[in-house]
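The values are calculated or read from the model by the stated rules, or taken from the named source; none is laboratory data. Nothing here was measured: the structure is a model prediction, and the numbers come from that model. All Cβ positions, even for glycine, are placed from backbone atoms using ideal geometry, and neighbour counts span all protein chains on display. These area figures cover heavy atoms from the full protein model, side chains too; ligands, DNA and RNA do not enter into them. Shrake-Rupley method; radii C 1.70, N 1.55, O 1.52, S 1.80 Å.
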Amino acid sequence: MTGVQRFVLVRHAQAEVNVLADDDLMTGHDADAGLTPLGEEQARALAGHLARDRATWPGPSGAHGFVLFSSPQRRALRTAEVLAAGLGLPVTPDARLAELRSPRRFPRPLTVREWDALLEARLRRPGEEPAAGVESWVAQRARARGFLRERCAPGTAGGFVLVSHAETIQALLLELLGLDDAVLPATRFKVSNTGVFIVDRAPGGAPEGTEKACGSLVVANSKAHLARTA
């Protein structure tokens, strides 16, 4: 693992906004949604699993050789706090790991189904805002790229735990793996609540406009820790 950086990407645990039905109405983007009781259980299960899983943490320092960053949004930060307690790591919030930017109040309420359709349209036209005030995919990916370049440059740490949101994790994965936006219509990562992705990144070439390193996907959306939750 000499010279290789490991990234452990974690989506936040189940939040109040994740249990809405397709026909439920959303009046705006809820950045302050907390975890459900099940979400709290999921976060604790993941913390216990990662604390015991030596395979996740290469190197003699184990998890203590890693740094932990989180989205500042409530559901992600609470998940990160539970992981931090289990792993013995401090949490550093960074706004670039937040979910896609969108209005706190929509011009009219949207059903969850309409919101999901809007997100799909965003990926079909990545350079455009799909609705007024909703961040384009290109802008979100640039935000993720800026985070990786500033916070995770080679030599800054042996590894990183990043707690974020589904769409931001998609952007981070494409950056770390050197994948172009052209893959979006046909290829998408499923990102479940507390789903874990592990990417190992070694110095090397990558496509123009992406991170200056080559990443290998080691684990995708692992939910082994959820076997005893319901």
Worksheet entry | Subset of the range 148-174 [over 16 Å from V219 (Cα atoms) and over 10 Å from the mean Cα position of the chain (by Cα)] | L148, R149, E150, R151, C152, A153, P154, G155, T156, A157, G158
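Filter the range 7-38 for residues that are farther than 20 Å from S192 by Cα and touching a strand residue (DSSP E or B) at 6+ places or on another chain (Cβ under 8 Å); which is least open to solvent (accessible area, probe 1.4 Å)?
Of everything passing the filter in the range 7-38, M26 is least open to solvent (accessible area, probe 1.4 Å).
Can you confirm whether P103 is more than 30 Å from H29 (Cα to Cα), assigned to a loop (DSSP other than H, G, I, E, B) and either modelled with pLDDT under 95 or open to solvent by 50 Å² or more (accessible area, probe 1.4 Å) (or both)? Give the steps one after another, and end with the answer.
Working: more than 30 Å from H29 (Cα to Cα): no; assigned to a loop (DSSP other than H, G, I, E, B): yes; either modelled with pLDDT under 95 or open to solvent by 50 Å² or more (accessible area, probe 1.4 Å) (or both): yes.
Criteria not met by P103.
For every residue, the table says whether it meets (1) within 19 Å of the chain's Cα centre (by Cα); (2) within 29 Å of G155 (Cβ to Cβ); (3) aliphatic (A, V, I, L, M).
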| residue | (1), (2), (3) |
| --- | --- |
| R44 | yes, no, no |
| A55 | no, yes, yes |
| F66 | yes, yes, no |
| S71 | yes, yes, no |
| L77 | yes, yes, yes |
| P90 | yes, yes, no |
| A117 | no, no, yes |
Worksheet item: How many residues does the range 39-61 contain that are in contact with a helix residue (DSSP H, G or I) (Cβ under 7 Å, 6 or more places away or on another chain), assigned to a helix (DSSP H, G or I) and open to solvent by less than 40 Å² (accessible area, probe 1.4 Å)?
Response: 8
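Restricted to the range 175-189, and to residues that are more than 16 Å from the chain's Cα centre (by Cα) and more than 16 Å from R125 (Cβ to Cβ), which residue is least open to solvent (accessible area, probe 1.4 Å)? Spell out the reasoning first.
So the first thing to find is which residues in the range 175-189 are more than 16 Å from the chain's Cα centre (by Cα), and the list is 178-187.
Subset that is more than 16 Å from R125 (Cβ to Cβ): 178-179, 187.
Values: G178: 12, L179: 54, T187: 73 Å².
Within the range 175-189, the match that is least open to solvent (accessible area, probe 1.4 Å) is G178.
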Item to complete: Please work out which one of (1) open to solvent by 50 Å² or more (accessible area, probe 1.4 Å); (2) over 30 Å from P60 (Cβ atoms) is the condition L119 fails and give its number.
Response: (1)
Practice prompt. State the number of residues belonging to the range 86-108 that are in contact (Cβ under 8 Å) with a residue 60 or more places away in the chain and acidic (D, E).
Written response: 1
Discussion item. I'm trying to understand the selection: among the residues of the range 144-170, which are open to solvent by less than 20 Å² (accessible area, probe 1.4 Å) and of a type in the set (V, I, T)?
Written reply: V161, V163, T168, I169
Worksheet item: Across the range 64-100, what is the total count of residues that are of a type outside the set (G, A, S), open to solvent by 40 Å² or more (accessible area, probe 1.4 Å) and within 18 Å of G39 (Cβ to Cβ)?
Response: 6
